[in-house]
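Q: Before anything else, here's the structure in question.
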Amino acid sequence: MKIALGQINPTVGDFEGNSAKIIDYSRRAQAAGAALVLFPELSVCGYPPRDLVERPSFVARNRQAAEHIAAETRGIAVICGLVTPALAGTGKSAMNSAALLRDGAVAFIQSKMLLPTYDVFDEMRTFAPATSQAVFPMDGKQLALTICEDAWNDKHFWSKRLYPVDPVETLIRAGGNLVLNISASPFWVGKREFRRDMLASFAKNYRVPVALVNQVGGNDSLVFDGSSLVLGPDGRVIAQGKSFEEDLIFFDAQQLTGDLHGQIAGDDASAYEALVLGTRDYVRKCGFQRVIIGLSGGIDSALTAAIAADALGPENVIGVGMPGPYSSQGSIDDAKALAHNLGLRFEMLPIRGVFEAYKKTLQPVFAGLKEDVTEENIQSRIRGSLLMALSNKLGALLLSTGNKSEMAVGYCTLYGDMAGGLAVISDVPKMLVYRLSRYVNSRKPVIPLASLEKPPSAELRPDQKDTDSLPPYEVLDAILEEYIEDSHPAEQIAKDHGFALELIRRVIQMVDRAEYKRQQAAPGLKISPKAFGYGRRFPIAARW
């Protein structure tokens, strides 16, 4: 049996567009001789739909769309993900399901049993879990159909399992001899390798082939890498889809041979492609064509501009320089050079006069008080106001440029540099910013060397350096990774790295105090196992 994996990029709620894509890929698969084609988890409605599933009309549209797809794909069996009504008495509105469409009708429905509630997932909140699952026959095979998390509870792979049941094991015991998994598995650096190893574990342990089709594209903060896989009973990869783009791949379920399409190699390259894809889809799916970026001459805005230019085309990116009283000529020149190298439209809006007007207006109230961080923040907020004015006037989405290290410790200004509709690099630590910038220049040198080499500075007071307020970034990032991603206490971090305990505790205190800022930030693109946003939920008013 020849089977196809339709690795597509759906949009949440776009039933017409998603259905058209599924129909198109199904016809292409049929023309190539496939008997069955698989599509990702909730591909009919898009993933994650979140609280849209509580609307009866949304749930009903899923079934209507599935029936339309079935009618348009006669001659090939189609498996696609959709929302179905929950059973009475569950207290839920819907179930996360997979439908087998065959001979113009919905022939079989299997619902997801394991509903994750960790990290960015909150499926138990919206979906009712399946209480049972079954195999179904096709061309001499007994197919074990699972949905994403259903395949993530193998007792041979996990030292600590999250669920008391393993749907894969149950289906194999029921006679399943080919495991199919439709997924919407979000990307983070290292996830592709982890996913492959996990699938290989139960393929080898149960001696069955495994086929996973994964969603690709960006939806809100999440980026899905695709990278669909088919593994033989020995754990060997026999087919794979591309990373970060739509793809259609085929494999022979009897001969265990298939297409092996190339994937993006290396952590830095993968992280960069994820940011490009996430930016493109966020901007386009939100209905924008152009973006605006404040260009300071620093490395963060330079990387953000490079990502935006690759995502949307340089003709759709507007760079804005806003020199203030403490901006160096070098930074101004670097911003201009970056815009020229990338081919961006560049506008210059000096803020010195506006800043002086602010100070004059506030002088009666500030009389007798020394200048401090207040005046620094005023400069940042002037820039934020100008950028938002351009955004409103030109109908272009403002991209904020703060990195994860700054967001973590609150080294950012509310309504200033935090202003924007998408925080492109808010999950990129400062040291990774430098690595990704060097990766950009390895392809084509567009980021000025000075932006890479000069000490980081907000340039909001004379001779200011980031290290006036923060530890060196190589130290800060090491502390942040252990505290944010691994939840390690100060004492363990000190033991692991040899840093002063007092320094670590100060950093941790800065992280905790900045929670109120992060919860007002623009959505960011997740590329790490633990990003700020709805995958990391902490109280603001707390004394822990």
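Q: Need one number: the % of Cα-Cα pairs in region 1-83 sitting beyond the 18 Å mark.
A: Looking at region 1-83, the distances longer than 18 Å represent 35 percent of pairs.
Q: While we're on this one: Once the Cα atoms of helix 191-206 and of the chain are each reduced to a long axis, what angle between those two axes, in degrees from 0 to 90 to the nearest 10, is obtained?
A: 20
Q: Reachable aspartates and glutamates from K112, Cα under 18 Å, same-chain residues fewer than 8 places away excluded?
A: Result set, ordered by chain and number: E41, D51, E54, D122, E123, E149, D150, D154, D166, E169.
Q: Pairs of alpha-carbon atoms within less than 8 angstrom and 6+ residues apart define the contacts here; what relative contact order does the chain have, in percent?
A: Relative contact order comes out at 11 percent.
Q: How large is ³J(HN,Hα), in whole Hz, for each residue of region 237-254 in order, when computed from phi with the Karplus curve 6.51 cos²θ - 1.76 cosθ + 1.60 and θ = phi - 60°, using x for Gly and Pro?
A: Here the 3J(HN,Hα) series is 6, 10, 7, 8, x, 5, 9, 6, 7, 5, 7, 10, 10, 10, 8, 9, 5, 8 Hz.
Q: Between 0 and 90 degrees, rounded to the nearest ten: what's the tilt of helix 56-72 against the longest Cα principal axis of the chain?
A: So the inclination is approximately 60 degrees.
Q: Could you bin all the Cα-Cα distances of region 270-470 into 10 Å bins starting at 0 and give me the percent of pairs in each, rounded to whole numbers?
A: In whole percents, the pair-distance histogram is 9, 37, 38, 13, 3, 0.
Q: Sticking with this one: With the radius of gyration and the Kirkwood radius both derived from the Cα set of region 466-544, what is their ratio Rg to Rh?
A: 0.96
Q: Just need log10 I(q)/I(0) for region 2-259 at q = 0.11, 0.16 Å⁻¹, Debye formula, equal scatterers on the alpha-carbon atoms, no solvent, rounded to two decimals.
A: Per q value, in the given order, log10 I(q)/I(0) is -0.51, -1.19.
Q: Students often forget the sequence filter, so: which lysines lie under 28 Å Cα-Cα from K370 once same-chain residues fewer than 8 apart are removed?
A: Here the lysines satisfying the reach criterion relative to K370 are K359, K360, K465, K517.
Q: Based on other C-beta atoms within 10 Å, arrange F499, F366 from fewest to most.
A: In order of increasing Cβ crowding within 10 Å: F366, F499.
Q: Using the beta-carbon distance between Q255 and R50 and R0 = 45 Å, what value does 1/(1 + (r/R0)^6) give for FRET efficiency, to the nearest 0.05?
A: Once rounded, the FRET efficiency stands at 0.65.
Q: Once R0 is set to 22 Å, what does the formula 1/(1 + (r/R0)^6) return for the Cβ-Cβ distance between F366 and E502, expressed as a FRET efficiency to the nearest 0.05?
A: Efficiency at R0 = 22 Å is approximately 0.05.
Q: Using just the alpha carbons, could you tell me how many Å³ per residue the convex hull of region 158-272 encloses?
A: So the per-residue Cα hull volume is 117 Å³.
Q: Rank by packing, highest mean first: peptides 303-312, 464-473, 170-179, with packing defined as the count of other Cβ atoms within 10 Å averaged across residues.
A: The packing order, highest mean first, is 303-312, 170-179, 464-473.
Q: As a footprinting exposure proxy, order R284, R443 by other Cβ within 10 Å, with the fewest listed first.
A: If I rank by nearby Cβ atoms, fewest first, I get R443, R284.
Q: Quick one: what does P(r) look like for the chain with 10 Å bins over all Cα pairs, in whole %?
A: Cα pair-distance distribution for the chain, in percent: 4, 17, 26, 23, 17, 10, 3, 1, 0.
Q: What spacing in nm lies between the two simple spin-label points modelled at A88 and R345, each 7 Å away from Cα in the Cβ direction?
A: Spacing of the two 7 Å Cα→Cβ label points: 5.9 nm.
Q: So what's the back-of-envelope 222 nm ellipticity for the chain, counting only DSSP H runs of four-plus at -39500 (n - 2.57) apiece and dividing by all residues, rounded to 500?
A: Calculated mean residue ellipticity at 222 nm is -11500 deg cm²/dmol.
Q: May I ask you to work out the translational diffusion coefficient for region 7-152 at 25 °C, viscosity 0.890 mPa s, via Stokes-Einstein with Rh from the Kirkwood sum over Cα pairs, reported in whole µm²/s?
A: D, rounded to a whole number, is 160 µm²/s.
Q: Work from the charge dipole of the chain (Cβ charges, +1 for Lys and Arg, -1 for Asp and Glu, about the Cα centre) and give the residue of C80, A211, A184 farthest towards its positive end.
A: Value computed over the given set: C80.
Q: Could you work out how far apart the two model spin labels at S442 and W544 are, taking each label as a point 7 Å from the Cα in the direction of the beta carbon, and quote it in nm?
A: Placing both labels 7 Å along Cα→Cβ, they lie 3.9 nm apart.
Q: Highest first, please rank the peptides 368-374, 381-387, 189-195 by the mean number of other Cβ atoms sitting within 10 Å of their residues.
A: Packing proxy ranking, top to bottom: 381-387, 189-195, 368-374.
Q: Against the longest alpha carbon principal axis of the chain, how many degrees, from 0 to 90 and to the nearest 10, is the axis of helix 267-285 turned?
A: Helix 267-285 sits at roughly 90 degrees to that axis.
Q: Let me ask something else. At a threshold of 8 angstrom on Cα-Cα distance, excluding pairs fewer than six apart, so keeping six or more, what relative contact order does region 384-539 reach in percent?
A: Relative contact order comes out at 29 percent.
Q: If you don't mind, another one. Region 448-501 to region 310-363: how many Å between their Cα centroids?
A: Spelled out, the Cα-based centre of one part sits 26 Å from the other.
Q: Can I ask one more? Hey, how many Å between the Cα centroid of region 247-262 and the Cα centroid of region 277-304?
A: The distance from the Cα centre of region 247-262 to that of region 277-304 comes to 36 Å.
Q: For region 132-165 and region 50-95, what is the centre-to-centre distance using only Cα atoms, to the nearest Å?
A: Computed from Cα coordinates, the inter-centre distance equals 21 Å.
Computed from the coordinates by the stated procedures, all read-outs in this text should not be read as laboratory data. Please read all numbers here as calculations on a predicted model, not as lab measurements. So basically every Cβ, Gly included, is an ideal-geometry build from the backbone, and we count neighbours across all protein chains shown.
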